[in-house]
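First up is the structure itself, then whatever we jot down about it.
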Amino acid sequence: MDLAAARAELGDRGFDYLSAPRMDIMLNNARNQLEDEYPWPWLETTTTGSAPLTISDLKSVLYVVDQDADQILAGVDARDVVDRDAGVATAGTADSWWLDGTTTLRTYPVSSASLLVRYVRFSPQLTAGSDTPLIPERYHPVWIDLAVIQAYKDSDNYQAAAALQSDVNARVGRMMEIYAARNRQNQSLQVLTFASEDW
């Protein structure tokens, strides 16, 4: 479903009085809300380039490979790369990576290594009517429902918003369960990181 179809669906749900720009805000906010709930696999992508590497849509890093040395680099906090004598200017073969700000990935020791980065991205804003979200089509109804919740709140119908939010929460929870356990091989060796220690 592209943005134009999503606007039409939002209108058909009782909000046809909203302007297209207002609908776009609600639909983009709903897309962001759903995508921020979990590191969904449809947001994963790979990029390559020489260090330091700027990745404009970077949300979180899954792994970094130094392709020159054919090795995986360890992720470290920016505070851990300060050399007591030379700051972060120490040059050499990289053994770790760190984020400088929100979009620049640097190596330590400093190098110009050719990197391969697998990461979770922020998806692009939907602006043109033909723009389609990265969300799989089977989950577009959840996306639309999240926009409807915003529209209910905008019209001060908090009771309807709360009722629909409860339903959406259950559906998003089920989506998270599905994607958390896609690897069915060697399940006994896997750890569910979202489960309570009391379970």
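The values are calculated or read from the model by the stated rules, or taken from the named source; none is laboratory data. These numbers come from a predicted model, not from an experiment. Please note: Cβ atoms are built from the backbone with ideal geometry, for glycine as well, and neighbour counts cover all protein chains shown.
What about Ala69, is it outside any strand (DSSP E or B) and in contact with a Leu (Cβ under 8 Å, 6 or more places away or on another chain)?
On the way: outside any strand (DSSP E or B): yes; in contact with a Leu (Cβ under 8 Å, 6 or more places away or on another chain): no.
So Ala69 does not fit the description; no.
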In segment 113-144, residues that are part of a helix (DSSP H, G or I) and either in contact with a Pro (Cβ under 8 Å, 6 or more places away or on another chain) or in contact (Cβ under 8 Å) with a residue 60 or more places away in the chain (or both) total 6
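Being touching a helix residue (DSSP H, G or I) at 6+ places or on another chain (Cβ under 9 Å) and either more than 23 Å from Ala5 (Cβ to Cβ) or modelled with pLDDT of 95 or more (or both) is the requirement here; does Arg174 meet it? Before the answer, list the steps.
Details: touching a helix residue (DSSP H, G or I) at 6+ places or on another chain (Cβ under 9 Å): no; either more than 23 Å from Ala5 (Cβ to Cβ) or modelled with pLDDT of 95 or more (or both): yes.
In short, no.
Going by the conditions given, is Thr90 over 29 Å from Met175 (Cα atoms) and at pLDDT below 95?
Details: over 29 Å from Met175 (Cα atoms): yes; at pLDDT below 95: yes.
The answer is yes for Thr90.
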For segment 45-66, the count of residues that are among the aliphatic types (A, V, I, L, M) and not in a strand (DSSP E or B) equals 2
Residues within segment 15-44 that are under 19 Å from the mean Cα position of the chain (by Cα), over 17 Å from Gln125 (Cβ atoms) and not in a helix (DSSP H, G or I), tallied:
5
